[in-house]
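K.L.:
To start, I am sharing the structure in question, which I have written as structure tokens.
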Amino acid sequence: MKTIVDLGCGTGNTLLPYYPNHTVVGIDLDEENIRICKKSMPKGTWIVGDVTTVPLTSFTAPLHVICTEVIEHIPHWKAVIQNTSTLPSSTTLFLTTPHEKSERRLQSVHKSYWDEIGHHHYFSGEEIRTALTAAGWTDITIHKTNAALYFELKALFLKKAPCIRHTFYKNTLPLPLRVFFQLFRKSLFQTRLKWFFPLWMITLPISWILDYFWGATIEIHAKKA
């Protein structure tokens with residue numbers, strides 16, 4: 001059984017697909033987030049802690065580490081990467097963070113975006129590659145994805161959607177529009193929309209083109225040497 005460790009787990013949504021078939025471990029600074037995780041996944045291991053300093057030496061292979069939409073919130077983001085240097089060989093990593101161009105475009109639409117959501121950094125991807133390499137990670141791949149998120153956030157900003165707990169924007173869009181945006185995301189396979197293959201066979205190829213120009217997310221995969 002593989003151990004899945006989520007650095008900055010939030011309310012645990014990223015770990016849910018792994019539970020209970022794998023050992024799940026979530027680390028987050030927010031006690032309320034950890035409380036929600038304990039309720040939804042009682043057999044998991046939940047730690048209230050700072051992902052830049054929490055000890056990771058106790059985890060053994062096989063191990064998969066997730067860090068999604070976290071480093072942009074941390075002033076000293078490189079400390080998160082450096083903290084992973086103690087992880088065992090063959091550990092795999094999945095990391096995401098907003099792309100610089102998308103962030104600048106969204107700020108031009110909604111000036112208080114960063115103040116509300118708590119972002120601190122612009123990333124192109126290469127600065128993360130450099131930090132990962134220094135921390136002992138290899139086989140690093142980086143690509144831009146999730147253009148649908150950019151267009152969805154832009155629509156929410158135009159509707160003046162409220163920001164909830166400095167974490168996400170309340171989705172005030174009509175249901176048909178929400179479904180439309182979901183059809184352009186790979187995560188649709190985790191929803192009932194996966195059965196609508198005549199639609200996503202069209203929308204997903206289009207999304208790959210949109211990602212090149214408007215991708216909102218940098219997606220990184222790596223392996224520990």
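K.L.:
If I filter region 112-139 down to residues being hydroxyl-bearing (Ser, Thr, Tyr) and assigned to a helix (DSSP H, G or I), which single residue comes out as nearest to Ser89 (Cα to Cα)? Step through it out loud before you land on a result.
P.N.:
First, the residues of region 112-139 that are hydroxyl-bearing (Ser, Thr, Tyr): 112-113, 122, 124, 130, 133, 138.
Now narrow it down to the ones that are assigned to a helix (DSSP H, G or I): 113, 130, 133.
Values: Tyr113: 39, Thr130: 19, Thr133: 14 Å.
Here the answer is Thr133.
K.L.:
Of all residues in region 42-79, which are assigned to a strand (DSSP E or B) and either without any contact (Cβ under 8 Å) to a residue 40 or more places away in the chain or not hydrophobic (A, V, I, L, M, F, W, C) (or both)?
P.N.:
Within region 42-79, the first condition is being assigned to a strand (DSSP E or B), and the residues that meet it are 45-48, 63-68.
The answer is Thr45, Trp46, Ile47, Val48, His64, Thr68.
K.L.:
In addition: Tell me whether region 126-139 contains one or more residues that are at pLDDT below 95 and surrounded by 18 or more Cβ atoms within 10 Å (Cβ to Cβ). Give the steps one after another, and end with the answer.
P.N.:
Within region 126-139, the subset at pLDDT below 95 is none.
No, because not a single residue in region 126-139 is at pLDDT below 95 and surrounded by 18 or more Cβ atoms within 10 Å (Cβ to Cβ).
K.L.:
Another question, if that's okay. I need a count of the residues in region 162-203 that are closer than 23 Å to His110 by Cα, modelled with pLDDT under 90 and of a type in the set (A, V, I, L, M, F, W, C).
P.N.:
So the count comes out to 2.
K.L.:
Scan His76, His64 and give me the residue that is exposed (fewer than 14 other Cβ atoms within 10 Å of the Cβ), within 20 Å of Ile220 (Cα to Cα) and not charged (D, E, K, R).
P.N.:
His76
K.L.:
Now for a different question. Only one residue in Ile218, Ile202 is among the β-branched types (Val, Ile, Thr) and either crowded, with 19+ Cβ neighbours inside 10 Å or touching a strand residue (DSSP E or B) at 6+ places or on another chain (Cβ under 9 Å) (or both). Which one?
P.N.:
Ile218
K.L.:
Testing Gln107 on (1) within 19 Å of the chain's Cα centre (by Cα); (2) polar (S, T, N, Q); (3) surrounded by 15 or more Cβ atoms within 10 Å (Cβ to Cβ), one condition comes back false. Which one is that?
P.N.:
All conditions pass for Gln107, except number (1).
The values are calculated or read from the model by the stated rules, or taken from the named source; none is laboratory data. Not measured: the values here are computed from a predicted model. When we count neighbours, we look across all protein chains shown, and the Cβ atoms used for this are built from the backbone with ideal geometry, even at glycine.
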